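The structure appears below as structure tokens.
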Amino acid sequence: MSTDTDQAVKELLESETRVTLRPRYEGSNINTWIGFKHVNYVVEEAVLEHFRTAGLPSRRLFEDHGLGLDIVDLDTRILHAFHQDDLARAVVVPRTKDADGQVALAVTLYVERDGEELKAVTSKVRVSLRADSYLPPVEFPAELARFATPRLGGTAEAGPWHGRQVTEAATTALSAGRGTTGADPVLQQLLAGENAFGWKWRIPYPYCHFNERLQMSGYLRQVEEVVDLFLADRGISIKTLLDDRKWIPVVPHSRVQVLDEALMEEDLYTVFTVEEVFKDFTYTARTDFYVVRDGRLVQTATGRITHGYAVFHDRSDWSLVSFDDHVIGALKGEPGPAGS
């Protein structure tokens, strides 16, 4: 038994980590507010710092032990908006009782407003250590064995389409730009009878890590992208509501769970299904991700997002607004000008 590794695992599972972090400038798309994707990036950075502080940085895990650090479940609630230049105090607390062979963590982000520290974000995170199979295997310490897995997934149940036989069409050539949202036999099956939007897209190199697989930040990009495409398809694009009403999208809750692995240059089918419009203030939607292998659908991830709108009054202040009939009709896919 390695004393150093044993102590590092003990720190990982028993000690809190506190670190100050700032959101990335890239995430400020509307005025100075930071979008949900980059708020989740701050959570990810806090998790990586927790591993570093324990003595198990992601680089060491991979280079010395052949273990790739993968966030496989990210469940985040945003309680107060983040802005450019905010300095967040992140607190990472291990959740050992429900780890189930993974490293389970609770992350809380605090920001200061008018001299008062506010709890801005709470997040539940699960991490798997994926044994690398792209390069020749190396032996990893026994203390890490309980977290090592030969393949991501298997901890959550896939949906009813998982394993269904399908026929693919060659519709994601490099010339197709953002991918396919129109006629496609697989998308037609996945969308039939649902208030849903589908997108077929080739997984690119920048969305992957550890040589081949789509990483959590890539899935977060996919969620953000499919929402953008869905709203445009329903006639209420983000730019349209910005120009007409100064409405901005807000996301108080998001979750992504990895069910299997999606690989670089595979075609990824992303299905965005509106589940409920709640009291005209928010709507919830499910996002499911699939690839096709050997003629059958494989569900690689699933997630949910809660979405609403706020109107900005000036460059720093906004307030939530309720949906009108036009927006509700578009979200529900009702016929007429709103949903056409």
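With among the β-branched types (Val, Ile, Thr) and under 30 Å from Ser316 (Cα atoms) as the only criterion, which of Val72, Val39 stands out?
Being among the β-branched types (Val, Ile, Thr) and under 30 Å from Ser316 (Cα atoms) holds for just one of Val72, Val39, which is Val39.
What pairs can you find where one residue is in the range 112-133 and in the same structural domain as Ala90 (by TED's automatic domain parsing), the other is hydroxyl-bearing (Ser, Thr, Tyr) and surrounded by 23 or more Cβ atoms within 10 Å (Cβ to Cβ), and their Cβ atoms are less than 6 Å apart, with a gap of 6+ or different chains?
So the pair list comes out as Ser123/Thr76.
Across the range 296-325, which residue is surrounded by the most Cβ atoms within 10 Å (Cβ to Cβ) among those that are among the basic types (Lys, Arg) and over 21 Å from the mean Cα position of the chain (by Cα)?
Filtering the range 296-325 down to residues among the basic types (Lys, Arg) leaves 296, 304, 315.
After this cut, where a residue has to be over 21 Å from the mean Cα position of the chain (by Cα) as well, the list is 296, 315.
Values: Arg296: 14, Arg315: 8.
Ranking the qualifying residues of the range 296-325, first place goes to Arg296.
For the range 222-264, how many residues meet the condition of being among the basic types (Lys, Arg) and without any contact (Cβ under 8 Å) to a residue 12 or more places away in the chain?
1
Among (1) surrounded by fewer than 20 Cβ atoms within 10 Å (Cβ to Cβ); (2) assigned to a helix (DSSP H, G or I), where does Ala106 come up short?
In the conditions (1) surrounded by fewer than 20 Cβ atoms within 10 Å (Cβ to Cβ); (2) assigned to a helix (DSSP H, G or I), Ala106 misses (2) alone.
I need a count of the residues in the range 123-153 that are within 30 Å of His253 (Cα to Cα), out of contact with any helix residue (DSSP H, G or I) (no Cβ under 7 Å at 6 or more places or on another chain) and polar (S, T, N, Q).
Total meeting the criteria: 2.
Filter the helices (runs of 4 or more DSSP H) completely within the range 1-102 down to those with at least 3 residues that are acidic (Asp, Glu) and either at pLDDT 95 or above or surrounded by 15 or more Cβ atoms within 10 Å (Cβ to Cβ) (or both).
36-54
Given the conditions (1) out of contact with any Ser or Thr (no Cβ under 7 Å at 6 or more places or on another chain); (2) hydrophobic (A, V, I, L, M, F, W, C); (3) in a strand (DSSP E or B), report the number of the one that Phe140 does not fulfil.
Phe140 satisfies every listed condition except (3).
Given (1) closer than 20 Å to Pro252 by Cα; (2) out of contact with any Ser or Thr (no Cβ under 7 Å at 6 or more places or on another chain), identify the lone condition not met by Gly55.
Single failed check for Gly55: (1).
For the range 270-292, indicate whether the set of residues that are closer than 18 Å to Gly153 by Cβ, in contact with a Pro (Cβ under 8 Å, 6 or more places away or on another chain) and surrounded by 15 or more Cβ atoms within 10 Å (Cβ to Cβ) is non-empty.
no
The values are calculated or read from the model by the stated rules, or taken from the named source; none is laboratory data. None of these values were measured; they are calculated from a predicted model. All Cβ positions, even for glycine, are placed from backbone atoms using ideal geometry, and neighbour counts span all protein chains on display.
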